[in-house]
Amino acid sequence: MFNIILFGPPGSGKGTQSEKLIAAYGLKHLSTGDLLRSEIARQTPLGLEAKSIMDRGQLVPDEVVVGMISSALEANPQAKGFLFDGFPRTVAQSEALDKLLNLKNTSIGVVLALQVTEEELVQRLLNRGLTSGRSDDTNESVIRARIKEYQDKTSVVADYYSQFDKVVNVKGEGSVEEIFAALCSEIDKRMS
Ligand code: AP5
């Protein structure tokens with residue numbers, strides 16, 4: 001089993017590259033943002049609670065997302081490996097993920113960290129907000145709040161995995177194909 005964390009700030013291209021990577025490597029895609037948006041669409045109690053937090057650009061409580069990931073891991077016993085997108089976002093989530101993977105006798109193979117400047121992130125998300133229907137993309141102050149939340153609480157996740165020598169920085173600006181090729185090259189080095 002080979003497990004990957006695709007890491008980076010909001011708008012860095014995690015979702016875009018995840019689609020291509022799961023197709024190329026046959027991994028199961030686990031995006032906590034997608035799981036939360038599915039709860040919102042189904043108007044579950046969890047979704048209703050999460051929506052107001054997401055609309056402010058803040059992080060949903062650790063226990064909520066760890067619970068969702070734990071269920072998703074259990075629901076996919078045959079997976080060749082997992083691609084985590086938007087998770088973990090705090091050190092507590094990272095520690096919880098390590099424990100969950102340990103129970104399955106596996107671990108994180110590599111953390112691929114996409115590097116994109118803040119102004120490019122804001123432009124990408126404002127552009128997407130014109131058509132996506134995502135309420136957290138529609139105004140710049142919420143987008144900047146998401147980026148601040150990343151800087152305050154999530155960027156330290158890279159430090160956490162650096163102590164195990166698992167983090168590789170990848171330039172996240174350029175064409176989608178160029179970035180995909182750079183990510184594949186890093187994965188191939190570690191998978192073989
Ligand atoms: P989540 O859904 O994870 O969103 P995010 O991290 O804010 O990321 P995005 O989906 O906005 O961006 P992305 O990096 O996937 O980029 P994308 O490929 O889409 O989280 C949403 C919210 O849910 C959080 O704010 C939080 O409230 C909650 N949440 C989720 N997970 C949580 C967790 N673990 N703990 C607590 N709370 C959690 O690309 C963005 C745009 O750029 C697209 O329009 C795309 O077409 C474009 N683009 C992509 N690549 C390029 C390129 N190379 N050049 C130009 N444009 C590009």
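The values are calculated or read from the model by the stated rules, or taken from the named source; none is laboratory data. From a predicted model like this one, the values you see are computed outputs, not experimental measurements. Cβ coordinates were reconstructed from backbone atoms using ideal geometry, including for glycine residues, and neighbour counts include every protein chain displayed. These accessible areas exclude ligands, DNA and RNA; they are computed on the full protein's heavy atoms, side chains included. Shrake-Rupley method; radii C 1.70, N 1.55, O 1.52, S 1.80 Å.
At a glance:
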{"quantity": "Residue count for region 153-192, restricted to those that are of a type outside the set (Phe, Trp, Tyr) and in a helix (DSSP H, G or I)", "calculated": "23"}
{"quantity": "Inter-residue pairs, beta-carbon under 7 Å, first in contact (Cβ under 8 Å) with a residue 60 or more places away in the chain and basic (Lys, Arg) and in region 130-150, second in a loop (DSSP other than H, G, I, E, B) and surrounded by 12 or more Cβ atoms within 10 Å (Cβ to Cβ), 6+ apart", "calculated": "146/10; 146/57"}
{"quantity": "Condition check for residue 137: modelled with pLDDT under 95, crowded, with 19+ Cβ neighbours inside 10 Å, under 22 Å from residue 38 (Cα atoms) and within 12 Å of the ligand (Cβ to nearest atom)", "calculated": "yes"}
{"quantity": "Yes/no for residue 107 being open to solvent by 20 Å² or more (accessible area, probe 1.4 Å), on the phi < 0 side of the Ramachandran plot, among the hydroxyl-bearing types (Ser, Thr, Tyr) and within 8 Å of the ligand (Cβ to nearest atom)", "calculated": "no"}
{"quantity": "Failed item in (1) under 16 Å from the mean Cα position of the chain (by Cα); (2) buried (at least 16 other Cβ atoms within 10 Å of the Cβ), with residue 151 passing the rest", "calculated": "(2)"}
